[in-house]
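The values are calculated or read from the model by the stated rules, or taken from the named source; none is laboratory data. Keep in mind that this is a model prediction, so the values were computed, not measured. Heads up, the Cβs are rebuilt from the backbone with ideal geometry, glycines too, and the neighbour counts pull from every protein chain shown. Accessible surface is based on the protein model in full, side chains and every heavy atom, while ligands, DNA and RNA are left aside. Shrake-Rupley method; radii C 1.70, N 1.55, O 1.52, S 1.80 Å.
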Amino acid sequence: MGIVNVTPDSFSDGGRFLSHDAALAHARRLIAEGADILDIGGESTRPGAEPVSESDEVGRVAPLVAALRAESDIPISIDAMKPGVAAAACAVGATMWNDVTALGHAPESPALAAELGCDVVLMHMRGEPRTMQAAPRYDDVVAEVTDYLAARAEAAIAAGVMRERIWLDPGIGFGKTPEHNLALLKHLDRIVALGFPVLVGASRKSSIARIAGDKSGPDQRLGGSIAAALAAARAGAAALRVHDVAETRQALAIAEAISQA
Ligand code: HH2
């Protein structure tokens, strides 16, 4: 899954693709690099990010989804927590709703997901983006995240979402310390065992620099991002949300070839 942020403030590429043309060119490049899904977002979820109005967010993402749908068959995911944004994106061709609040942002979200009939990514987050990195604490992060995702999947199903439409995501970096992120990647098989496809997004996140003990900026974290992607794939992740599609595909191809040799 290749990331297209149409935002002024995303942590790794904020501002670079805010114009429609730049975002479209970036999306085309990710398709050419071999992305299987594009994830389009119009609101940054980075720690401390400011909220954006629904109409501004729709204005950022809907024209891009429509333009991509007109020229490509690639599945398009909308990275949004507001139901109005998800509905607007699905109306012009998105087929997946990637919700970092696991359909918890608005009371109508689960019923809307059922009505849209799209795939839904339910992600774990502790707290909310503005405050989530303030001393997150867990007794057992793997058990708590796994139990939360299982409960959100059941809630979605109870609201009418088809079981086969549901994806789960541990939410690397969302209200978690580097140690929490490591535990979730190491024990990802526990989430995979719930029986839903699992999406993992560790690409360029700050934990990579902190674990490696360096001061690298987001675009200098490719090595660590690939290491995390390979570990997630080995543990059974069905999709990887990444900025660097070509490099990640190459790494996955080699890891797969070695295991087949
Ligand atoms: N991470 C980010 C945003 N959305 N969605 C899912 N399902 N999983 C993730 O790990 C995830 C996500 C954060 O990355 P990015 O989009 O690059 O930055 P920003 O949130 O600042 O837009």
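What the table below lists for this structure:
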quantity	calculated
Subset of the range 204-257 (residues that are part of a helix (DSSP H, G or I), of a type in the set (Val, Ile, Thr) and under 20 Å from LEU188 (Cβ atoms))	ILE208, ILE211, ILE226, THR248
Residue in the range 72-81 that is among the β-branched types (Val, Ile, Thr) and open to solvent by 10 Å² or more (accessible area, probe 1.4 Å) present	yes
Leading residue by the ranking (nearest to the chain's Cα centre (by Cα)) among those in the range 82-100 that are in a loop (DSSP other than H, G, I, E, B) and surrounded by fewer than 21 Cβ atoms within 10 Å (Cβ to Cβ)	THR95
Subset of the range 150-188 (residues that are in a loop (DSSP other than H, G, I, E, B), open to solvent by less than 50 Å² (accessible area, probe 1.4 Å) and not polar (S, T, N, Q))	ALA159, GLY160, VAL161, PRO170, GLY171, ILE172, GLY173, PHE174, GLY175, LYS176
Total residues in the range 18-73, condition assigned to a helix (DSSP H, G or I) and either farther than 28 Å from HIS124 by Cα or not acidic (Asp, Glu) (or both)	28
Qualifying position, being within 15 Å of the ligand (Cβ to nearest atom) and either among the small types (Gly, Ala, Ser) or on the phi < 0 side of the Ramachandran plot (or both), among ALA202, ALA227	ALA202
Leading residue by the ranking (nearest to ALA153 (Cα to Cα)) among those in the range 59-90 that are small (Gly, Ala, Ser) and free of Cβ contacts under 8 Å to residues at least 24 places away in the same chain	GLY59
Top-ranked residue of the range 123-165 - restricted to ones that are among the hydrophobic types (A, V, I, L, M, F, W, C) and under 15 Å from LEU188 (Cβ atoms), ranked as farthest from the chain's Cα centre (by Cα)	ALA143
Exclusive hit being over 17 Å from the mean Cα position of the chain (by Cα) and not aliphatic (A, V, I, L, M), set PRO47, PRO51	PRO51
Cβ pairs under 6 Å, 6+ apart, first in the range 134-150 and among the aromatic types (Phe, Trp, Tyr), second open to solvent by 30 Å² or more (accessible area, probe 1.4 Å)	TYR138/GLU144
Residues satisfying the stated conditions in the range 112-140, i.e. away from the ligand (no atom under 16 Å from the Cβ), surrounded by fewer than 15 Cβ atoms within 10 Å (Cβ to Cβ) and either among the aliphatic types (A, V, I, L, M) or at positive phi (or both)	GLY117, ALA134, ALA135
Residue pairs meeting the criteria (Cβ under 6 Å; at least 6 apart or on separate chains; first without any contact (Cβ under 8 Å) to a residue 60 or more places away in the chain, in the range 94-109; second among the polar types (S, T, N, Q) and more than 12 Å from the ligand (Cβ to nearest atom))	LEU103/SER109
Qualifying residue in the range 18-40 (condition: within 16 Å of the ligand (Cβ to nearest atom), open to solvent by 30 Å² or more (accessible area, probe 1.4 Å), in contact (Cβ under 8 Å) with a residue 40 or more places away in the chain and out of contact with any Phe, Trp or Tyr (no Cβ under 6 Å at 6 or more places or on another chain))	yes
Which numbered condition ILE74 misses (of (1) at pLDDT 95 or above; (2) within 12 Å of the ligand (Cβ to nearest atom); (3) touching a helix residue (DSSP H, G or I) at 6+ places or on another chain (Cβ under 6 Å))	(2)
